[in-house]
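S.K.: I have a structure I would like to understand better, so I am pasting it below and will then ask my questions one at a time.
The values are calculated or read from the model by the stated rules, or taken from the named source; none is laboratory data. These numbers come from a predicted model, not from an experiment. FYI the Cβ positions are ideal-geometry reconstructions off the backbone, even for glycines, and counts take in every protein chain you see.
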Amino acid sequence: MERKIVQKPNKFEVGQITFCNGGCTMQLPTFYKVVKRTEKTVWLIELESQLIEHDGYGQVGHKIPVDIQKGAVFYRRVKNWKIISDEFQEFAYQRNWGIIEPWDGLAKYYNCLD
């Protein structure tokens, strides 16, 4: 059996899907699509999402993005943090919400219980 190592994308690119886990808990993952990119700024638009597995009530489960846009385009400043000696991870900060980063293609945990 061959094992593959899937590397998470670490830079924003036009057309790419990104996500934000929404605040201090992993309560409400939100997905965005990169519309435009400059050296210091990324323009995003929110995407619809759907639960792919849940507890039977839709309160806890995993979400994936659906390529249906909603809302208006907005922009954020691109920031970096060092992940390995010479590699950087790009992210953008959504005030009062959390960190937006490139999506790794995996379903994200959803939990709307109090």
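S.K.: How about the range 48-114: which strands (runs of 3 or more DSSP E) wholly inside it have at least 3 residues that are surrounded by fewer than 17 Cβ atoms within 10 Å (Cβ to Cβ), hydrophobic (A, V, I, L, M, F, W, C) and modelled with pLDDT of 80 or more?
M.R.: Ranges flagged: 60-77.
S.K.: I'd like the full set of residues that are under 15 Å from Lys108 (Cβ atoms) and of a type in the set (Ser, Thr, Tyr), limited to the range 45-72.
M.R.: Of everything in the range 45-72, just one residue is under 15 Å from Lys108 (Cβ atoms) and of a type in the set (Ser, Thr, Tyr), namely Ser49.
S.K.: Another question about this same structure. Just the residues that are modelled with pLDDT under 80 and touching a Phe, Trp or Tyr at 6+ places or on another chain (Cβ under 8 Å), please, taken from the range 22-47.
M.R.: Gly22, Gly23, Met26, Gln27, Leu28
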